[in-house]
């Protein structure tokens with residue numbers, strides 16, 4: 001299909017991850033990045049996989065300890081795979097999230113009220129989750145320095161999730177660490193843009209100095225994770241922020257056809273370069 005590198009995702013068992021590492025060691029593939037948790041935490045089946053199966057932002061010390069334990073194990077595997085990046089979802093505020101409900105709210109006044117209400121509730125509840133997140137980041141950046149691995153926090157999809165843009169600013173002010181970076185997801189950012197919350201440029205202009213890589217997928221309104229070139233997004237908007245060493249990963253989900261994914265590679269190369 002024309003690809004030389006893969007990202008290993010969060011639904012892989014430990015034996016399967018080891019198979020990919022062996023393929024890498026034999027020279028068949030490169031592994032660009034891995035996505036926490038990779039491999040799955042002990043006892044978790046692929047059907048229950050989630051980057052937040054144990055939350056790094058949980059105020060519950062026991063859950064957060066498990067999240068740290070299995071994240072560090074995943075970091076060890078990323079290092080073993082010689083991945084250039086280890087991608088993390090930081091966690092969520094425990095609240096009823098309206099994001100998908102907003103997708104189908106046609107009445108403008110009701111749409112704005114639901115959005116305001118969600119952000120207001122999030123602001124009231126976020127502190128213990130952000131505090132827990134900062135503790136987790138401290139532990140993970142220390143470990144990243146010990147093993148020599150770059151870790152990246154991804155912009156998120158749901159309003160309840162961390163970090164917001166303001167929380168990214170707080171994190172990078174507190175952790176001026178050479179191993180801690182930002183990971184830009186195009187579909188997530190475009191959903192926020194379509195909901196009139198933030199634009200791609202808000203993230204990228206603010207966080208460009210910490211940008212490590214991107215998940216590239218297309219979107220039609222709120223239907224994301226499409227193969228690039230099969231939706232409405234203008235990938236040319238990303239070009240000013242893409243450096244020579246920016247890691248670029250096509251994150252098309254299984255609804256995309258083999259042919260669409262194949263076409264997406266020259267399509268993106270033509271816009272963003274190698």
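Which of the three applies to the range 1-147, rounded, prolate or oblate, going by the alpha-carbon gyration tensor with a ≥ b ≥ c and a/c under 1.5 meaning rounded? It comes out prolate by the Cα gyration axes. Under 19 Å from a label point set 7 Å out along the Cα-to-Cβ vector of residue 223, the amide N atoms of the range 240-259 belong to 251-259. Taking each DSSP H run with n ≥ 4 as -39500 (n - 2.57) and averaging over every residue of the chain yields -13500 deg cm²/dmol at 222 nm.
By the count of neighbouring beta-carbon atoms within 10 Å, fewest first, 28, 54 end up ordered 28, 54. Only Cα sites of the range 5-65 enter the Debye sum here, all with the same form factor; the resulting log10 I(q)/I(0) across q = 0.27 1/Å is -1.08, listed in q order.
Stretching the chain fully between residue 173 and residue 60 yields a gain of 38.2 nm (0.36 nm per residue, less the alpha carbon separation). Applying 0.36 nm per residue to the separation of residue 25 and residue 72 and subtracting their alpha-carbon distance, the gain on full extension is 14.7 nm. Note on residue 48 and residue 239: the model spin-label points, each 7 Å out from Cα along the C-beta direction, lie 4.8 nm apart.
Please label the shape of the range 191-235 as rounded, prolate or oblate, based on the square roots a ≥ b ≥ c of the eigenvalues of the alpha-carbon gyration tensor (a/c under 1.5 means rounded; beyond that, a/b larger than b/c means prolate, else oblate). The shape class here is oblate. Compared with the direct C-alpha span, the chain from residue 94 to residue 14 gains 25.8 nm at full extension, assuming 0.36 nm per residue.
Of the beta bridges in the chain, as assigned by DSSP with both residues counted there, near 15 percent are antiparallel.
Any read-out appearing in this document is the output of simple, stated calculations on the displayed coordinates, not a laboratory observation. None of the values given here were measured: they were computed from a predicted structure. All Cβ positions, glycine included, derive from the backbone under ideal geometry; neighbour counts span all protein chains shown.
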